[in-house]
1. I'd like the Karplus ³J(HN,Hα) series for region 33-39: coefficients 6.51, -1.76, 1.60, θ = phi - 60°, whole numbers in Hz, and an x wherever there's a Gly or Pro.
2. Order these by the 10 Å Cβ neighbour count, fewest first: 31, 80, 45.
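What follows draws every value from the coordinates through simple rules; no lab data is involved. Just so it is clear, the structure is predicted and the values come from calculations on it, not from any experiment. Neighbour counts are summed over all protein chains in view; Cβ atoms, including those assigned to glycine, are modelled from backbone coordinates with ideal geometry.
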Amino acid sequence: MKLTLNDEIGTLIATLIISPIMIYKGFIYTDLLLGILGLLLLVYDGYWICKYYSKKHKEGIDIDNNIEHEQENITLEVSDK
């Protein structure tokens, strides 16, 4: 089994763990800069997650449609000789 590491796991960690902690700490310590940076991190990584999954979903639909069209165009001819 191959283990491939890409930036998807880092994006998920930043979106689900780090940015909410930064926003929370910004409110607790009344640090506006920390809260804004946490919010920007959440929006930025959330955008890339949405873009990645929508692209992955579109590719899956295109592959399925192409396979169905290829199967419809197959013809079988039988001749008696």
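1. Calculated HN-Hα couplings, in order: 4, 5, x, 5, 5, x, 5 Hz.
2. Final ranking by Cβ density, sparse to dense: 80, 31, 45.
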